[in-house]
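Student: My questions will all concern the structure given below.
The values are calculated or read from the model by the stated rules, or taken from the named source; none is laboratory data. Note that the structure is a prediction, hence the values are computed from the model and not measured. We place every Cβ from the backbone using ideal geometry, glycine too, and count neighbours over all the protein chains shown. What goes into the accessible areas is simple: the full protein's heavy atoms, side chains included, and nothing from ligands, DNA or RNA. Shrake-Rupley method; radii C 1.70, N 1.55, O 1.52, S 1.80 Å.
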Amino acid sequence: MAWLVGYPREKITWHPTIDREKCLKCGMCMNCGMNVYDWTEDGPVVARPNQCIVGCNTCANLCMGEAISFPDIKPIREIYKREHIWAKVKKQLEEEGKLKPK
Ligand code: SF4
Ligand code: SF4
């Protein structure tokens, strides 16, 4: 995954949690392009948590019931710092030519 450049996804706790009492079953979270959620008779469930993009929280921002929450980002930023992930991402982007000015 480009955001992690080889760091194991399963070592990072970042995925949505749904508060069932707040969920209005609006369906908005089913727009997630990473196929994280399944729809059930009770509304959405977080079926594939590790497919969630680390750092993304779009579904929470647009959830009608404000029912979706995420963990604190700070420990994840600590991992990025400790594992030099920012530098690795930049190197990969340079190799892919994505940091060349247009
Ligand atoms: S976006 Fe929020 S309120 Fe809507 S179905 Fe998903 S969890 Fe429920
Ligand atoms: S945060 Fe982003 S990737 Fe993760 S479940 Fe929500 S919309 Fe999908």
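Student: Could you please give the count of residues in the range 17-33 that are closer than 29 Å to Glu96 by Cβ and either open to solvent by less than 70 Å² (accessible area, probe 1.4 Å) or of a type in the set (S, T, N, Q) (or both)? So that I can check it myself, show each step before the final result.
Tutor: As a first pass, look at the range 17-33 and keep what is closer than 29 Å to Glu96 by Cβ: 31-33.
Subsequent filtering for residues that are either open to solvent by less than 70 Å² (accessible area, probe 1.4 Å) or of a type in the set (S, T, N, Q) (or both) retains 31-32.
Counting residues in the range 17-33 that are closer than 29 Å to Glu96 by Cβ and either open to solvent by less than 70 Å² (accessible area, probe 1.4 Å) or of a type in the set (S, T, N, Q) (or both) gives 2.
Student: Does at least one position in the range 36-56 carry a residue that is open to solvent by 100 Å² or more (accessible area, probe 1.4 Å), within 16 Å of ligand 2 (Cβ to nearest atom) and part of a loop (DSSP other than H, G, I, E, B)?
Tutor: Within the range 36-56 (the criterion being open to solvent by 100 Å² or more (accessible area, probe 1.4 Å), within 16 Å of ligand 2 (Cβ to nearest atom) and part of a loop (DSSP other than H, G, I, E, B)), the answer is no, since none of the residues qualifies.
Student: Considering each residue of the range 64-87, count those that are within 13 Å of Asp19 (Cβ to Cβ), more than 8 Å from ligand 2 (Cβ to nearest atom) and either in contact with a Cys (Cβ under 6 Å, 6 or more places away or on another chain) or in a helix (DSSP H, G or I) (or both), and give that number. Full working, then the answer.
Tutor: Of all residues in the range 64-87, those within 13 Å of Asp19 (Cβ to Cβ) come to 64-70.
Add one more test, that the residue is more than 8 Å from ligand 2 (Cβ to nearest atom), and what stays is 64-67, 69.
Checking the rest, the ones that are also either in contact with a Cys (Cβ under 6 Å, 6 or more places away or on another chain) or in a helix (DSSP H, G or I) (or both) come to 64-65, 67.
So the count comes out to 3.
Student: Still on this structure: Could you please find all residues in the range 6-16 being surrounded by 12 or more Cβ atoms within 10 Å (Cβ to Cβ) and either basic (Lys, Arg) or more than 9 Å from ligand 2 (Cβ to nearest atom) (or both)?
Tutor: Going through the range 6-16, the residues surrounded by 12 or more Cβ atoms within 10 Å (Cβ to Cβ) turn out to be 7, 9, 12-16.
Across the range 6-16, the qualifying residues are Tyr7, Arg9, Ile12, Thr13.
Student: Restricting to the range 41-70, what's the tally of residues that are within 11 Å of ligand 1 (Cβ to nearest atom) and free of Cβ contacts under 8 Å to residues at least 12 places away in the same chain? Step through it out loud before you land on a result.
Tutor: Step one: of the range 41-70, the residues within 11 Å of ligand 1 (Cβ to nearest atom) are 42-46, 58-69.
Retained after the next criterion (residues that are free of Cβ contacts under 8 Å to residues at least 12 places away in the same chain): 61.
Residues that pass the stated criteria total 1.
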